[in-house]
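The values are calculated or read from the model by the stated rules, or taken from the named source; none is laboratory data. Note that this is a predicted model, so its numbers are computed, not measured. Glycine gets a Cβ as well: all are built from the backbone with ideal geometry, and neighbour counts include every protein chain shown.
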Amino acid sequence: MNAGTHSTASRRDSRTQRDVIAPPAKWFQNGFHRFLDTYLKRHFHAIAYENTPLPTEISGNPDLPVIVYCNHPSWWDPLLAHFINQRLFHPRQLYAPIDAEALQKYKVFEKLGFFGVELHSASGAAAFLQTTAELFRRPATALWLTPEGRFADPRDHDAELMPGLAHLCAKAKEALVVPMSLEYVFWEERLPECLIRFGEAVSLAEFPDRSKSQWGEDLTRRLRENQTHLAARVIARSSEPFHNLLRGKQGVSGVYDWSRRVKSWLTLRRFDASHGHQFEEGHND
């Protein structure tokens with residue numbers, strides 16, 4: 001190998017090492033998950049998902065890469081992604097692209113599986129595909145995406161999805177793609193409910209010749225239909241179809257809840273701080 005070839009290879013190797021993130025340190029991520037559980041309990045009455053079965057490949061074949069793509073209604077979405085991944089997609093490691101400029105403001109996310117992407121450039125798109133190709137060669141990988149590319153109301157279905165997801169699906173050979181919908185809603189409690197619904201998954205291996213545009217149309221349809229189903233559940237205001245992943249604070253607190261406690265004690269009844277229906281406790285496996 002001559003000097004020029006060696007120099008080119010060295011630059012390529014250093015670029016690959018720089019662009020592809022290292023797996024998060026387990027001790028740091030486990031500590032973050034403990035903090036996250038406490039933090040979410042303070043801010044949500046419940047985090048619950050509709051009782052629709054997840055594909056058996058998720059638990060039965062952990063080496064199969066999973067792509068979870070969802071709508072993007074709130075600042076909470078990256079934290080919820082980590083929480084849901086840890087509860088329902090374990091032992092898969094979460095990785096997620098994030099705007100490179102935003103990552104500079106929240107550097108801690110680099111230690112939690114997030115990697116920076118230049119959203120509106122050809123070089124950024126190429127780097128995204130290079131990084132995901134490397135991540136898919138690792139065992140137990142889950143890639144989480146919000147392809148709307150901006151905060152959007154969950155009932156707004158007109159926005160086109162950014163092309164990166166469709167391009168990835170057209171390029172990758174094997175992965176399971178799962179649409180997920182999110183809504184943050186207020187029902188009877190002081191704190192909001194975070195409600196989740198998983199849509200029908202699709203295997204990339206079933207459609208090896210599908211084009212980027214075909215993937216774009218199909219992925220958009222799956223996500224929007226799933227959002228419509230979740231919206232109907234939200235409007236119905238019933239906890240019955242959902243399994244609870246996290247039970248947060250109940251009641252109003254303060255003087256009002258103290259008076260309710262006294263009344264329960266005087267009538268020899270068990271005090272229940274909640275104001276409405278409770279979610280059925282779900283499984284974490």
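Out of the residues in segment 64-86 meeting the condition of being assigned to a helix (DSSP H, G or I) and of a type outside the set (S, T, N, Q), tell me which one is farthest from Gly31 (Cα to Cα).
Taking segment 64-86 first, the residues assigned to a helix (DSSP H, G or I) are 77-86.
With the extra rule that they be of a type outside the set (S, T, N, Q), the set shrinks to 77-84.
Numbers: Asp77: 19, Pro78: 17, Leu79: 14, Leu80: 16, Ala81: 16, His82: 13, Phe83: 13, Ile84: 16 Å.
So, considering only residues that are assigned to a helix (DSSP H, G or I) and of a type outside the set (S, T, N, Q), the one farthest from Gly31 (Cα to Cα) is Asp77.
Of all residues in segment 52-67, none satisfies being modelled with pLDDT of 95 or more, surrounded by fewer than 19 Cβ atoms within 10 Å (Cβ to Cβ) and not aliphatic (A, V, I, L, M). Looking across segment 12-27 at every residue that is at pLDDT below 90 and basic (Lys, Arg), the one that is farthest from the chain's Cα centre (by Cα) is identified as Arg12.
Checking Arg155, Arg150, Arg137 one by one, the residue that is on the phi < 0 side of the Ramachandran plot, without any contact (Cβ under 8 Å) to a residue 24 or more places away in the chain and surrounded by fewer than 17 Cβ atoms within 10 Å (Cβ to Cβ) is Arg137 and no other.
For Phe242, state whether it is touching a Cys at 6+ places or on another chain (Cβ under 9 Å) and modelled with pLDDT of 95 or more. Step through it out loud before you land on a result.
On the way: touching a Cys at 6+ places or on another chain (Cβ under 9 Å): no; modelled with pLDDT of 95 or more: yes.
So Phe242 fails the test.
Close Cβ contacts (under 6 Å, 6 or more residues apart or on different chains) running from residues in segment 19-35 that are more than 21 Å from Leu80 (Cβ to Cβ) and of a type in the set (Phe, Trp, Tyr) to residues that are modelled with pLDDT of 95 or more and assigned to a loop (DSSP other than H, G, I, E, B) are absent.
Residue-level analysis places Gly124 among those that are over 14 Å from the mean Cα position of the chain (by Cα), outside any strand (DSSP E or B), touching a residue at least 12 places away in the same chain (Cβ under 8 Å) and farther than 28 Å from Pro53 by Cα. Looking at segment 176-190, is at least one residue under 30 Å from Asn61 (Cβ atoms), assigned to a loop (DSSP other than H, G, I, E, B) and touching a helix residue (DSSP H, G or I) at 6+ places or on another chain (Cβ under 7 Å)? Within segment 176-190, not a single residue is under 30 Å from Asn61 (Cβ atoms), assigned to a loop (DSSP other than H, G, I, E, B) and touching a helix residue (DSSP H, G or I) at 6+ places or on another chain (Cβ under 7 Å).
In segment 140-161, what residues are touching a Lys or Arg at 6+ places or on another chain (Cβ under 9 Å) and within 29 Å of Pro91 (Cβ to Cβ)?
Of all residues in segment 140-161, those touching a Lys or Arg at 6+ places or on another chain (Cβ under 9 Å) come to 140-142, 157, 159.
Answer for segment 140-161, where residues must be touching a Lys or Arg at 6+ places or on another chain (Cβ under 9 Å) and within 29 Å of Pro91 (Cβ to Cβ): Ala140, Thr141, Ala142.
Here Phe114 passes the criteria (1) buried (at least 18 other Cβ atoms within 10 Å of the Cβ); (2) over 25 Å from Phe44 (Cα atoms); (3) not hydroxyl-bearing (Ser, Thr, Tyr) except the one numbered (2). Assessment of segment 232-246 against the conditions (surrounded by fewer than 17 Cβ atoms within 10 Å (Cβ to Cβ), in contact (Cβ under 8 Å) with a residue 40 or more places away in the chain, in contact with a His (Cβ under 9 Å, 6 or more places away or on another chain) and under 21 Å from Thr146 (Cα atoms)) yields no matching residue.
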